[in-house]
1. Which condition from (1) at the interface with another protein chain (Cβ under 9 Å from one of its Cβ atoms); (2) of a type outside the set (A, V, I, L, M); (3) surrounded by fewer than 23 Cβ atoms within 10 Å (Cβ to Cβ) is the one that residue A:223 breaks?
2. For residues that are touching a Gly at 6+ places or on another chain (Cβ under 7 Å) and crowded, with 18+ Cβ neighbours inside 10 Å, tally how many sit in the stretch B:51-76.
3. Just checking, does the stretch A:289-305 include any residue being touching a helix residue (DSSP H, G or I) at 6+ places or on another chain (Cβ under 8 Å) and β-branched (Val, Ile, Thr)?
4. Could you list, in sequence order, all residues of the stretch A:226-255 that are facing chain B (nearest Cβ under 10 Å), closer than 20 Å to residue B:152 by Cα and in a helix (DSSP H, G or I)?
5. Go through the stretch B:129-166 and report how many residues are open to solvent by 10 Å² or more (accessible area, probe 1.4 Å), away from every other protein chain (no Cβ under 14 Å) and in contact (Cβ under 8 Å) with a residue 40 or more places away in the chain.
6. What number goes with the only condition from (1) open to solvent by less than 20 Å² (accessible area, probe 1.4 Å); (2) over 17 Å from residue A:200 (Cα atoms) that residue B:120 does not pass?
7. Can you tell me which residue among B:151, B:165, B:94, B:104 is more than 26 Å from residue A:233 (Cα to Cα) and either modelled with pLDDT of 85 or more or hydroxyl-bearing (Ser, Thr, Tyr) (or both)?
8. Does any residue of the stretch A:37-53 turn out to be over 27 Å from residue A:400 (Cβ atoms), of a type in the set (Lys, Arg) and at pLDDT 85 or above?
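The values are calculated or read from the model by the stated rules, or taken from the named source; none is laboratory data. Keep in mind the model is a prediction, meaning the values are calculated, not measured. Neighbour counts are summed over all protein chains in view; Cβ atoms, including those assigned to glycine, are modelled from backbone coordinates with ideal geometry. The area values use the complete protein model at the heavy-atom level, side chains included, leaving out ligands, DNA and RNA. Shrake-Rupley method; radii C 1.70, N 1.55, O 1.52, S 1.80 Å.
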Amino acid sequence: MSTGEEQSGDDAGEQAIEPTEAKVAELQSLLGDHVLDTEEHLNAPAIVIRPDAVQAVLSTLKEEAGYDHCSCVTAQQYPDRYESIYHLKKYADPTDEVSVVVPTARDDPTSESGAPVYETASWHEREAYDLVGIDYDDHPDLRRILLPDTWQGHPLREDYDQDRPQIVTLRENANPLLEDHRGSEEEGESDTMFLNIGPHHPATHGVLHLETVLDGEQVLDVDPDIGYLHRCEEQMCQQGTYRHQIMPYPDRWDYISAGLLNEWAYARTAEDLADIEVPEYAQVIRTMGAELCRIASHMLAMGTFALDINGDFTATFMWAIRERERAQSVLEELTGQRLMFNYFRLGGVAWDLPSPREDFFELTRDFLDGLPEATREFHDLLTNNEIMQLRTIDTGVIDPETAKDFGCTGPVARASGIDYDLRRDDPYGYYDELEWDVVTEDGCDNYSRLLVRMREVEQSAKIIDQCIDLLEDWPEDEREIQSNVPRTLKPERDTEIYRAVEGAKGELGIYIRADGTDKPGRFKIRSPCFSNLQSLPAMAEGEYIPDLVAALGSLDIVLGEVDR
Amino acid sequence: MSSDEPRTAISGSTAPVTDTRDARRGEGVDDRFNSKLREAFGSSPFILTKFDKFMNWARGSSMFLLQFGIACCSIEMMHTFAVKHDSDRFGAGVPRASPRQADVMIVPGTIVSKFTPRMKRVYDQMPEPKFVIGMGSCTISGGPFQEGYNVVKGAEEAIPVDIHVPGCPPRPEALLYGIAKLQERVANGESSPVVVKPYELQQFSEMEQDEVVDQLADEIDEDDLAMRYNWADSP
């Protein structure tokens, strides 16, 4: 959507500082004595509070100030303390942010849990406990989430010894509801059945493990068990230098061809952190590449969803892969790679469009021209298919309020009628100069999520088409693909920033704290799939098993991003 | 036509079939019709070969792959199965969802500590003879994530691997080449030259007694198998 008067992403950080003081004063009057201190993060003002006042402060901010979106919880270690940071936003206006900083003592890192206020904080705090080792009082279920239960130590602490051997048991999982079985007199006999789905299962889209308790064919309880692909992405990024070494990793978070979207998340964060300008020409190329990735990603989402619903390797899957192959060949022309592009650089992109440019434009236009026909085929195969409709309409329902509470973003949120798209609401790149619409559906069910993705493909095609027009007419002497960026980037010590972009699955955010060196002090990834997957129990409990599978497929998770 | 009456197509002359085929082939023989089976059979309906040789040939020509997605490489693996690359052309394109129906396991991605016992279990469930293709750098050494605290340094820490396909991720063409190489070797009855370390799946009592073991010794049953990863000694 074109909203010319809104500020572009690059100078958002600078302009946001002006109204900050008024906002801090407002927060201080709202929270009173709870505010111990204020800090300045590049994206938002931060208030420092006592560890035992977390719930009071968060619920005031949620209920009275309208911060209904807890994007992320970051935990980190300082030489003298531990810190949890709650990054809060508003669904109505994601540029209105506030960070709540909760310092805790180094010898006893215990703070009150925010999970009773924001449902989504539950998993984020479990992750903070797992990796950094902060204890959260009053947390409903504080146990390890990414690492095995038997793991010793917390790997993102400074004193963690990585060479120490670890033991992983092969213990089987136990039925968590066995104790409260009903309707049976005899000891040890239960009318519920415990079912492990995954981690090797075709319908879990990777290595997800669902601990499911069934009553007959109904799902009583489902607990996603993640961490089977926890590849230490945050540690890897903390070991790399800003300029070049981090950029290859974002490709591997959401690996379903969403590489450029992820790279943009890092590029945007680091560019705002180090105050780097990006030439407009590069922004247009980025916008085009990112939308190509979105199409490829949604095609696979659609194909695998059809696979889950309709059965074996069927026509829809093959046809979706065919469109993906075409998108990938365009991306390969542009970036030189099929999947792991590593094409963005801080301050621009790696190289200009391939030459001859006319051939590239023709290839892209051919792909775009074929899309309406392909979309029509998919509508024939999927959305107009009676069996598909029976299986997806009114199953896996999640209402907007619950979705917000779980921090759902992306197509999952938009299918529940939440009009939230960072490309429009917190514009970056070239999106605010182009003509397009945010797609929303009100059905809240599996069918709506499918529809949203299919309609987003059309919008993406529209964006790419406009980008091609722009690139074709771009004067030859103004094709600046990279701005002048210093070889070594050393952002100022203790500069903190949280920035997000609209990835294929939703709000993909990155928090970076600079420690004065050329590597990040803390690099935290806010993965949209992590939050979206957390809402699966809300969708699936009480439904039948096939609906659980359909709900999981419609969430379109990618485990590389869930586990990071 | 009821089935108790002989049909001409079976009892009668085979000439119509041959004529049709010849008419279709026309001038200049299209060797697509000369299948390997036909070459092996020649003109006579008998084959003279060793039984194990025949079995190897059959095995290599019909491989069922395990549908086993782990990480990034599984996307390229799906592309290998699907249109454009279509590994079915090479007699190895039907992904099976159950390990009990599969001959080949492609390990497509990074293996982390929590997943290794599960992968081992899936491998154990496959019927003999079974083959493993390691896809991507992560299955060789841990790839780009090698320095991670949670990453197992290669699939061979847990299961034997027949063919490594390097790349991050390998292109579908590269995977096809790896599959074809494996088929060739299976058909020739060659055993894997890869030296496989013994599974690091041990009884708990056999493990080196360090502080971690001591700490966990009380919690783990005698019968409970444990998997151990010793980062320091990993290659």
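1. Of (1) at the interface with another protein chain (Cβ under 9 Å from one of its Cβ atoms); (2) of a type outside the set (A, V, I, L, M); (3) surrounded by fewer than 23 Cβ atoms within 10 Å (Cβ to Cβ), only one is false for residue A:223: (1).
2. 8
3. Initially, the stretch A:289-305 is screened for residues touching a helix residue (DSSP H, G or I) at 6+ places or on another chain (Cβ under 8 Å), giving A:289-305.
In the following step, the residues that additionally are β-branched (Val, Ile, Thr) were identified as A:295, A:304.
Yes, the stretch A:289-305 contains a residue that is touching a helix residue (DSSP H, G or I) at 6+ places or on another chain (Cβ under 8 Å) and β-branched (Val, Ile, Thr).
4. A:233, A:234, A:235, A:236, A:239, A:252
5. 3
6. The failed condition is (2).
7. Details: B:151 fails: more than 26 Å from residue A:233 (Cα to Cα); B:165 fails: more than 26 Å from residue A:233 (Cα to Cα); B:94 fails: either modelled with pLDDT of 85 or more or hydroxyl-bearing (Ser, Thr, Tyr) (or both).
It is B:104.
8. Yes, that holds for at least one residue.
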